[in-house]
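The values are calculated or read from the model by the stated rules, or taken from the named source; none is laboratory data. In this text the structure is predicted, and so the values were computed from the model without any measurement. Quick reminder, even Gly has a Cβ in these numbers, built from the backbone with ideal geometry, and neighbours come from all protein chains shown.
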Amino acid sequence: MKYTRILLKLSGESLMGDKAFGIDNDRLASYASQIKEIQDGGVQVAIVIGGGNIFRGVQAEQGGMDRTHGDYMGMLATMINSMALQAALESKGVQTRLQSAIEMKEISEPFVRRKAVRHLEKGRVVIFGAGTGNPYFTTDSAASLRAIEINAEVILKGTRVDGIYSEDPEKNPEARKFDEISFDDVYGKGLKVMDMTAFTLCKENDLPIIVFDMDTPGTLKKVVSGEQIGTLVRN
Ligand code: GTP
């Protein structure tokens, strides 16, 4: 394996599979199997998962709800997904620890950086729930922040597409996929990888991002093995 410690960012929306809402059990099991595969390969794995399949903070604002209120609801949604993923991993025999950015001690450990690192060293998959614990941040920001805090070598951003394209490949079939691109070029070309807060955090801390297709089983292992797959963003 090319990497020793990674942070995997999963999308909540992808967890829906073909459903309109909530969690698709097959998709969940598929994610758990892929994670187990790389963990068995000796990679230390930390995970941040979004909550968009359950609730999105921005959608609350459109409905007239206070943005901060909606963001907290979104953070709780990530806890539901984190707990589902934790259960799916444990059912496959993977040891896990869940740490929440918002204290909810009956169901999760609080986020303690040093403890998270110890868990990783002991071979446990660590899931970070409840985003950063603050409104106005996304789970991409949480992923960047946690990755930097635990000294992960890379953020692996699992999506439905297999990388970053020059244009939206669904709209323009001529769109070109980048194997590698710099942070500056992503910005200069106006491409979207993560929101700007998350993106700048990675750039300034020299943390590379690999965007790849998480929905095709086996891809995660290839990425972690160092195969040229997906798109690598770095300084
Ligand atoms: P080591 O001491 O490094 O072996 O880690 P450990 O996680 O096994 O030890 P600990 O005794 O801290 O935790 C045992 C179990 O309790 C684990 O499943 C933890 O996730 C869980 N746990 C620890 N702290 C909390 C907490 O504040 N709330 C909840 N709900 N569970 C916790």
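Values as computed for the structure displayed
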{"quantity": "Restricting region 138-186 to residues that are of a type in the set (Ser, Thr, Tyr) and farther than 24 Å from residue 43 by Cα, the residue that is nearest to the chain's Cα centre (by Cα)", "calculated": "138"}
{"quantity": "Lone qualifier among 51, 70, 74 - being over 24 Å from residue 152 (Cα atoms), touching a Gly at 6+ places or on another chain (Cβ under 6 Å) and buried (at least 22 other Cβ atoms within 10 Å of the Cβ)", "calculated": "74"}
{"quantity": "Where a residue in region 104-115 is closer than 11 Å to residue 149 by Cα and its partner, wherever it lies, is of a type in the set (D, E, K, R) and more than 6 Å from the ligand (Cβ to nearest atom), with Cβ under 7 Å and at least six apart", "calculated": "113/149"}
{"quantity": "Hits in region 124-146 (condition: of a type outside the set (A, V, I, L, M) and within 11 Å of the ligand (Cβ to nearest atom))", "calculated": "124"}
{"quantity": "Check on residue 80, within 21 Å of residue 50 (Cβ to Cβ), crowded, with 18+ Cβ neighbours inside 10 Å and out of contact with any strand residue (DSSP E or B) (no Cβ under 7 Å at 6 or more places or on another chain)", "calculated": "yes"}
{"quantity": "Count of residues meeting criterion [within 8 Å of the ligand (Cβ to nearest atom) and out of contact with any Lys or Arg (no Cβ under 8 Å at 6 or more places or on another chain)] in region 74-102", "calculated": "1"}
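Residues checked against (1) within 16 Å of the ligand (Cβ to nearest atom); (2) at pLDDT below 95:
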position: 41; (1), (2): no, no
position: 50; (1), (2): no, no
position: 64; (1), (2): no, yes
position: 106; (1), (2): yes, no
position: 120; (1), (2): yes, no
position: 148; (1), (2): no, no
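Conditions tested, residue by residue: (1) charged (D, E, K, R); (2) under 22 Å from residue 158 (Cβ atoms).
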{"position": "86", "(1), (2)": "no, yes"}
{"position": "90", "(1), (2)": "yes, yes"}
{"position": "97", "(1), (2)": "yes, yes"}
{"position": "100", "(1), (2)": "no, yes"}
{"position": "103", "(1), (2)": "yes, no"}
{"position": "111", "(1), (2)": "no, yes"}
{"position": "115", "(1), (2)": "yes, no"}
{"position": "119", "(1), (2)": "no, yes"}
{"position": "139", "(1), (2)": "no, yes"}
